[in-house]
Every structure is written in C-alpha cells, then in structure tokens.
Amino acid sequence: MGATSQIDTSRRTVPQRRAELGLYARVFAVNAFILTVAFLLLVFTPFELSRHTTTTQFLVLAVGLCVMLAANAVLLRLSLAPLRRLTELMTSADLLRPGARLRASGSTEVSAVIDAFNATLERLEAERRSSTQRIVGTQEAERRRIARELHDEIGQNLTAVMLELKRARELVDPHVAEALGDAQELARESLEELRRISYQLRPAVLDDLGLGSALTTLCNGLATRTGVAIRCDVPEERLRLTPDEELALYRIAQEALTNAVRHAACTEVSVELRSTEQGGVALRVCDDGIGIMTGGQRSGGIRGMRERALMIDAGLFLRNRPTGGLEVEAVLGSGRGD
C-alpha cells in the first residue's frame, strides 16, 4: 500500500516538473553561460592573446579550460546521478523481495523514467503475487486430493490387509503364522508411513485446530524421526489468521525445519509463534547449525519460503545468529522482507 501511494505521489508531481529545465537544456545552459563568460572576459578585459603565447597567457587559458571542464563534470554528475541509482535498482530488483522503489528526482526526463520504472515494478510485483497465489492454490488443492485418496483408499486397503493377515494367522500352523506375522508387521509399518506422507501433504490438524497445534505436531513428529531436539513455543489460543495465512506460515516453518535437520548439522532447533505489537504474527525458526553463508546447499528451499511469504504479503528475514546457526523469521503485517 505504501509503495502504491508512493507511485501515485510521484505521478502527481510529474506535471509540476514540466516547467523545470530538462537535461539537454541544463547542459546547454551551463555551456552557454561558460562560453559567454569567456567571451566577455576576452572583450572587456585588458587581457590579450598574442601570436606567441606567453607563460602567463597559457596559465590563464589553462585555468579557464579547467573551470569549464569542472563545471561540466559537476553538472553531468548531478544530472546523471538519478540514472545511476536507477541502474543499480534495476540490477538488484527481485520480485521475491518486493518494495524496492526509487524516489523520483533529477530533470523532467529522468523523473519520468524513474516514475515509469516504479510503476512497472509495482505492476510486476502484483502480477507475481497473483500468479503465485494461483499456483500455490492449485498445488495445495492437488495435495489435498492426493492426501485424501491415500488415506481413504490405500489406507483402508492396508488396514483390511492387516485384519485378513491377523485372521489367517489363527487358521494356520505356527511356522506359517510366523511368516504371516512378519507380513502383518510390514503392512502396519507401511500404513504408518502412508499416514505420515498423507499428513505432510495436507495436515488435517491445521484445518481443525489451527496453526499452533499443527506446528506442535510437526515438531514432535520430526524430533521423533530425526533425534534432533526441537522446542516448540506457540500460544494456547488460536491466532486470528485466514486459512491461506495459516497454510503459508506452516509451509515456511516446515521448509525451515527440513533444511535445519537435513543440511545444518544442528543439534537443537526452536520454533516460536507469537503476536506482534503491531497486531501481526511472527514465526521464528532458529537452529544452532552452520548458518546460511557456509551452508550454501540450504538455499534450495529459500525461494519456496519467499514465494509463500509473498503470497500473504509477509516479510521474510534470514539472519546468521551471532552464536552460530540460522534464524528464519516470517512476519505477517511487516510488509517486506530482506
């Protein structure tokens, strides 16, 4: 919203700059002024230029030339400085890190170019956010469908297989019953793995109990499977978040935790969910691993986290901790990230 208002303000001020000198007029005016001053000095001063230039005459001409060159250099540097800043912004602009804008300044032509670039960047960010929402929405719908089919069809079939194996064990001799028991145990492990995969695709507790309970379940399950100590600090009451916001924050936490236990060589991870003083929500995932600079392989999931944050207009911040490790923070209501 702030970026849009800034663009609108820049657009409103463009007509007021029409009366200012453009870049061409400024350069011409300064050059004309310098040449006019040089002409007047030669006409109305006792200074004369002989056929054989003396040392004094040469010094005077050299000083005059240096003054003209310096004046032109200062003018061009001041006039082209906004273009240089615009070039730097164009080089570093990233649609996954929205909000970067350049204040319109300089001549009329330069200000018009900056205004046009800001408006284009604003439009591209809006289109990227809209396309990300559509893509993520489609992905989540497909995840929900697959999770439901795994649970309702394959899960029920495996449960039926386990019951049939149990009944068959009671009808055969002990040697065959032992083999059927192994098959029954394998079916039970497959059913548990199927439930885990189904939960990762679409956690039902997220829809039923909210983000806090879903994060607690995620941390407990991951700690049990990996052996990494994961502390989860979430509020008891359910925060006021939309389903899209809860899902985006959950996926960010899931990706941050996965990166930590797989690539960070950490022993402890903490997950914190809290309300901010500004009325927003902050999610923080910290580990004691190798950090992001020395662990370049961890960057694979950062793009996905940025897309999730962009979808709900949240800020995403990644910082190396002074004591070691990485801190991932998603702040809903902050507007922008790093």
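Here, each number is a calculation from the coordinates, and none is a lab measurement. A quick note: this is a predicted structure, and the numbers were derived from the prediction, not measured. As a convention, Cβ positions derive from the backbone with ideal geometry for all residues, glycine included, and neighbour counts pool all protein chains shown.
In table form, for the structure just shown:
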{"item": "Spin-label model distance (nm) - residue 29 vs residue 313, 7 Å beyond Cα toward Cβ", "result": "4.1"}
{"item": "Extension reserve of the residue 157-residue 194 stretch, reckoned as 0.36 nm per residue once the Cα distance is removed", "result": "12.2 nm"}
{"item": "Cα-projected label distance for residue 143 with residue 236, points at 7 Å along beta-carbon direction, nm", "result": "3.0"}
{"item": "Fewest-first ranking of 230, 135, using other Cβ atoms within 10 Å as the exposure measure", "result": "135, 230"}
{"item": "For region 163-171, Karplus couplings with θ = phi - 60° (6.51, -1.76, 1.60), whole Hz, Gly/Pro x", "result": "5, 5, 5, 5, 5, 5, 4, 7, 10"}
{"item": "For residue 268, residues with placed amide H under 5 Å, excluding near neighbours", "result": "288"}
{"item": "Shape call, region 205-338: gyration tensor on alpha carbons, a/c limit 1.5", "result": "oblate"}
{"item": "Gain in span if fully extended, residue 68 to residue 303, counting 0.36 nm per residue against the direct Cα distance", "result": "79.4 nm"}
{"item": "Table column - 3J(HN,Hα) (Hz), region 182-199, Karplus curve with 6.51, -1.76, 1.60, x for Gly and Pro", "result": "5, 5, 5, 5, 5, 5, 5, 5, 5, 5, 5, 5, 5, 5, 5, 5, 4, 5"}
{"item": "Shape metrics for region 149-267, restricted to C-alpha atoms - Rg then Dmax, Å", "result": "18.9, 59"}
{"item": "Förster radius 56 Å - calculated FRET efficiency between residue 126 and residue 37, Cβ distance, rounded to 0.05", "result": "0.60"}
{"item": "Residue order, fewest to most surrounding Cβ atoms within 10 angstrom, among 152, 288", "result": "152, 288"}
{"item": "Under the Karplus curve 6.51 cos²θ - 1.76 cosθ + 1.60, θ = phi - 60°, whole-Hz ³J(HN,Hα) for region 234-251, x wherever Gly or Pro sits", "result": "10, x, 6, 7, 7, 6, 7, 10, 6, x, 5, 5, 4, 5, 5, 5, 5, 5"}
{"item": "Added length on full extension, which subtracts the Cα-Cα distance from 0.36 nm per residue, residue 88 to residue 323", "result": "81.3 nm"}
